[in-house]
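What follows is a short report on a single structure.
Each value in this text was obtained by applying a stated rule to the coordinates, not by laboratory testing. Source: prediction; values computed, not measured. Positions of Cβ are generated from backbone atoms using ideal geometry, with glycine treated the same way; all protein chains shown enter the neighbour counts.
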Amino acid sequence: MTDYSTDFTESSGLDSWTEQWHTGVAAPSIVADTTGESYGDECLKIQHSSSQQYSLSWDDAGSNEDAQLIARFRVLNDTYSSFRVLLRGSGNDTSEEAYHVDIRYKDQVMRISKFVAGSESTIDSVNVEFDLNEWLWVRFSVKDSGDSSGAGLTDLKAKFWNDQNEEEPASWDIETTDSSIASAGWGGVGSWDGNFEVDYFALSTGAAGSPSLPIKENYARLIDVYSEALRTPAPPNIQITQANIEVLRYGDSNIQVTQMAVETLRGPYPNVQVTQVGVEVLRQYIEPEAGRAGAGNFFLLF
């Protein structure tokens with residue numbers, strides 16, 4: 001298993017991405033984030049001039065048979081927009097092959113589909129809900145099923161959620177199988193029409209591959225929140241220390257909301273406000289006595 005990820009801030013820009021399929025119908029570019037909500041300072045933007053299959057393969061991850069990816073993206077306009085993530089990609093303008101997840105704005109639907117010898121067909125679909133300009137997540141898994149019957153089945157799984165108000169669901173929205181594409185291929189992003197921005201993309205290879213959501217470590221934002229919430233000097237027994245606290249927006253099974261932070265915020269400090277529901281703390285970064293109100297060595301806000 002090998003993990004790859006990008007928030008598009010690396011100096012190589014588009015150098016590690018290759019246009020695939022009908023390259024004249026859209027223009028990719030690296031643009032500055034304008035939302036203040038991205039994981040880096042820049043995003044990958046895809047802007048269509050006409051409707052047609054278009055994709056970008058991520059060269060860093062190479063060619064893989066079994067892989068899983070995640071992408072954070074937003075839809076910018078209300079044409080017949082169709083954002084895609086693809087695995088096992090290959091072929092040219094008339095012989096496209098790939099499994100892909102297709103998220104369509106006007107239909108409010110997510111589909112798992114396939115290109116086989118240039119022909120596209122839907123395998124399964126579910127309804128979704130989202131608005132323009134919202135940051136959204138998609139996770140897509142394409143792996144051999146291990147079926148002993150010799151049918152050569154591939155397990156296809158996809159899930160979708162809204163970055164603004166949802167956590168990643170535990171279960172998949174779509175789970176299905178297919179046997180049309182067995183060969184290894186590239187992974188990447190694509191579209192049919194519309195304009196999109198992608199600010200995070202990760203791909204894990206192998207049967208056990210499962211890319212983690214990114215940890216957003218932004219100490220400058222922590223200090224900004226501190227200044228806003230504590231408009232007058234903090235009581236002497238409350239401090240923010242970057243050395244033993246990280247405010248995280250996403251995490252994994254090791255990151256949990258702790259009662260320690262809640263108990264600390266119960267203290268009688270009129271200048272202290274909780275500015276947003278939901279604080280996540282890495283337990284291993286906090287000394288055991290830090291959770292007691294008035295302990296004197298931390299205070300956490302987000």
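Some points to look at:
- A cut-off of 5 Å between modelled amide H atoms, ignoring neighbours fewer than 5 places along the same chain, links Asp66 with Gly206.
- Put simply, when 86-96, 111-121 are sorted by average Cβ atoms within 10 angstrom per residue, most first, you get 86-96, 111-121.
- When Val31, Val101, Val128 are sorted by how many other C-beta atoms sit within 10 angstrom of their C-beta, beginning with the fewest, the order is Val31, Val128, Val101.
- All lysines inside 19 Å of Lys114 as judged from Cα atoms, apart from same-chain residues fewer than 8 positions distant: Lys143, Lys157, Lys159
- Counting neighbouring beta carbons within 10 Å and listing from fewest to most, the residues Ser191, Ser210 come out as Ser210, Ser191.
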